[in-house]
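Here's the structure we're looking at; comments come further down.
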Amino acid sequence: MENFKKPVIFMIVGIIFFLAFLIVIGSFFVLTAKRDLYSEKVQFLTEVSIKNADIIENKVSNQLNTLEAIAAFAGNYYTFNIDDDLSLLSLDFGKNNFKKIGIISLDGEGKTIDGYKYDFFDFTCFNKALNGESNVSDRIIDKADGQEINIFTTPIYKNGTVAGVIFATQNTSVFTEFLEVNSFNDEGYSYIIKSNGTPVVNTLHKNSIGKYDNLFDEISKIKSNKKNLLKFIDDMKNNKDGAVSFIRDDIKKQIGYSKVGINDWYMITVVPSKVISKGSDRLITGMVVTVVLILISALILGATILRIFKRNNNNLKAIAYTDFITGCPNWNKFTIDCRTLLTQNPDKEYAMIIFDVDKFKIINDLYGRNIGNEVLIHIAYVLSLNTREEECFARASADNFNILMEYKTDVDIINRIKLITAQIANYISSYIIELSFGIFKIEDKMLGISKLSEKANFAKLVAKQKTEFKYVFYNENMRDIILKEKEIENYMEVALLNKEFEVYLQPKYRIKDEKVVGAEALIRWNWAGKGIIPPGEFIPIFEKNGFIKKIDLYMFEQVCLILNKWKSNNLSLENSISVNISRIHLSNKNLPEELLSIAKKHNVNANNMEIELTESAVFEDINKLIKIMKKLKNEGFILSIDDFGSGYSSLSTLKDLPADVLKLDKGFLEATTDDIRGKDIISSFIKMTKILGLHTVAEGVETVEQVNFLKSAGCDIAQGYYYSKPLPVKEFERLVFNLISE
Ligand code: C2E
Ligand code: CA
Ligand code: CA
């Protein structure tokens, strides 16, 4: 699961980063745009101011041009008799739009064509004109009507010197008309001040400051304006144009200012800041909306991708966690589920159980892979019925299944295993499915699931070697056993080549005359450097891995060699030498021919060879067993049923087998010798075998009492430590033939 979490986290982090990036970029862009737009507007404000200043300047210079044209005419034609000249001047009036027009004599006395008199002696505008400069005055009050006017003056030259001054007046309000600001939604307005802050031309705009004596004083009334005011004043002092913001009546206003070029006049253009930022605000809103839309789209996109991803992930998970044959959980899922269950239930006891189907390959071979798969599916089904809420199971691989089982006692586990086995056993009608279970009772829940499983697996390998009740609880020795098994498997072929497998012969005695009439060949492994290893330690392993087929034929051949050697020395036993042939060979229908060809190769008569087949072989497939036994018998071999009485076969099954000899299992003898009833059973049993035409050989005879009993019961032959242990061939020969080794 962790595997799938990672990319999701990765993706969420990615999306968050992307959104954060978008927000940062968006805000940066919006703020920059806002700033740029604002300064652009402010710039524009300054430009409007400059344009207005130009208009005023043009207007004034037009007026002055008009006056200068009149003055030029005057220079040529005026007599400088003021009344005569005024009548000449009045001819021109009406061609221009001055309020009044008149002439000022050099002594400063001015007279208009309509008869008004003014004293200009102290007027700057007059003095400037005397100095040859056409100009316009600041705002003054017309004493004729009390209106605010400006006075235009220009010198009249007569023979190169100023002989008088033409003057004209104009209501200041005429300028006002030119100061309307068309931009900024009628919220903007302009007016003209002198550089000392006193008004020149006022505005009629509704938002304007109204009447004031000095603009600077008005502005300085608000403390926070001070800093910008200083710049404002300073710029004017230095004849610079610019823009600043001021606050009036709690409204922030942006003021653009530029020098008019007349006197020290400054054009002031005012717009409320919010009007300036209005456009940019709209743009910013637009941008914010865009960014938000992108954000939402990104979120929707992200969510969609995540959903798709999750769905795919779920599909992937389903694939990754499901066994493709049975549809049940697989190993990956099992490890996750186990981890969760073990951590969530610290107080519960759990066992890790592993089982597999014995000889599953045979099922596949006999019934086909489809049936094999069906068996696996059935097992998964049975497990799904038999696992509880807080347990889990899986098909880990091939025919290997794992169960994490909760338990209170060992019996709990065994009962449930038996139930599972029973529900699986008869799935194929003509075949009993057998299972081997390894059980590991978990003590340390922190152990890795693989480790737990490994331990259960050791137990299972041991269970495999059992013939019934194939479940084994793990113990610490098992590891060693399994490792030893591995060592044996790795070395067995080499050992065979090295001739480390040796034949020991255990004599069979005829009880009545205590004479050796036969022998059983028993294998010993003389492992180089390790010494003699008893067959109990390796035969089961060889049976499991099939090496037993080689080893039994090898033993058979060794015995043939011995018989052949004896034959050439004119030595012989009254009966045969028996060789153990594992039930594993029953799957090989050519076994009789193979054995015969070996015997023939060494010139040994089949009836000198006895073949011991264990009683448990009956359970494999009795028909097959009968077939092979019949064939062997036809070839002339003597047949014996080994370990009779250790299993469940009865005399009634026996009568169908073409056997010659019945070997009573040593356990059979042990259990019955002390017990009167047991003795009776054995005696009647031996009688019965005689009726069936079989000889009996008693195995594991250790005491004289046993010998006496067997004698009274009519048993012919006995084999056991009482007489002799299995002996190396040379010792056997010395014992039986009094042969001193060559
Ligand atoms: P088994 O065929 O039942 O062989 C008899 C076992 O009883 C032998 O054990 C023998 O040493 C032991 N025995 C003989 N007399 C006495 C006695 O008085 N008391 C006791 N307690 N035991 C006695 P061994 O040689 O260890 O062989 C064990 C088993 O290994 C054999 O049981 C046989 O099943 C198998 N085996 C031995 N050699 C071969 C072989 O070449 N091929 C196959 N397939 N199996 C073999
Ligand atoms: Ca035997
Ligand atoms: Ca035996």
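The values are calculated or read from the model by the stated rules, or taken from the named source; none is laboratory data. Predicted model only: the values in this text are computed from it and were never measured. As a convention, Cβ positions derive from the backbone with ideal geometry for all residues, glycine included, and neighbour counts pool all protein chains shown.
What to note about this one:
- Residue among Thr326, Thr340, Thr335 that is in contact (Cβ under 8 Å) with a residue 40 or more places away in the chain, assigned by TED's automatic domain parsing to the domain that holds Ala394 and either more than 30 Å from Phe469 (Cβ to Cβ) or of a type in the set (Ser, Thr, Tyr) (or both): Thr335
- Among the conditions (1) crowded, with 21+ Cβ neighbours inside 10 Å; (2) modelled with pLDDT under 95, Ile584 misses just one, which is (1).
- Segment 566-645 holds helices (runs of 4 or more DSSP H) entirely within its bounds, and those carrying 3 or more residues that are under 60 Å from the mean Cα position of the chain (by Cα) and more than 16 Å from ligand 2 (Cβ to nearest atom) map to 622-635.
- Restricting attention to segment 208-255 and to residues that are in a helix (DSSP H, G or I) and of a type in the set (Asp, Glu), the residue that is farthest from the chain's Cα centre (by Cα) turns out to be Asp217.
- The residues of segment 206-242 that are under 21 Å from Val275 (Cβ atoms) and either touching a residue at least 40 places away in the same chain (Cβ under 8 Å) or polar (S, T, N, Q) (or both), listed by number, are Asn207, Ser208, Leu215, Ser224, Asn225, Asn228, Asp241, Gly242.
- Qualifying residue in segment 635-647 (condition: assigned by TED's automatic domain parsing to the domain that holds Asn608, closer than 16 Å to Ile511 by Cα, within 16 Å of ligand 3 (Cβ to nearest atom) and touching a Ser or Thr at 6+ places or on another chain (Cβ under 9 Å)): no
Here's the yes/no breakdown for (1) loosely packed, with under 15 Cβ neighbours inside 10 Å; (2) among the hydroxyl-bearing types (Ser, Thr, Tyr); (3) within 16 Å of ligand 2 (Cβ to nearest atom):
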site	(1), (2), (3)
Glu699	no, no, yes
Asn708	yes, no, no
Lys711	yes, no, no
Ile717	no, no, yes
Glu731	no, no, no
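- Pick from segment 447-460, criterion in contact (Cβ under 8 Å) with a residue 24 or more places away in the chain and surrounded by fewer than 20 Cβ atoms within 10 Å (Cβ to Cβ), ranking: nearest to Asn345 (Cα to Cα): Ile449
- Contact map, segment 26-43: first residue in contact (Cβ under 8 Å) with a residue 24 or more places away in the chain and buried (at least 16 other Cβ atoms within 10 Å of the Cβ), second residue among the hydrophobic types (A, V, I, L, M, F, W, C) and not in a helix (DSSP H, G or I), Cβ cut-off under 6 Å, separation 6 or more or different chains; pairs are Val42/Ala243.
- Among the residues of segment 495-523, the ones that are within 16 Å of ligand 3 (Cβ to nearest atom) and either under 30 Å from Leu483 (Cα atoms) or not basic (Lys, Arg) (or both) come to 11 in all.
- Residue in segment 321-328 that is in a strand (DSSP E or B) and either in contact with a helix residue (DSSP H, G or I) (Cβ under 9 Å, 6 or more places away or on another chain) or closer than 27 Å to Ile50 by Cβ (or both) present: yes
- Selection of helices (runs of 4 or more DSSP H) fully inside segment 652-742 by the criterion of at least 2 residues being closer than 27 Å to Asn564 by Cβ returns 729-737.
- When Lys589, Lys600, Lys567, Lys631 are checked against the criterion of being more than 16 Å from ligand 1 (Cβ to nearest atom) and modelled with pLDDT under 90, a single residue qualifies: Lys589.
- Qualifying residue in segment 65-74 (condition: in a helix (DSSP H, G or I), within 21 Å of Tyr266 (Cβ to Cβ) and aromatic (Phe, Trp, Tyr)): no
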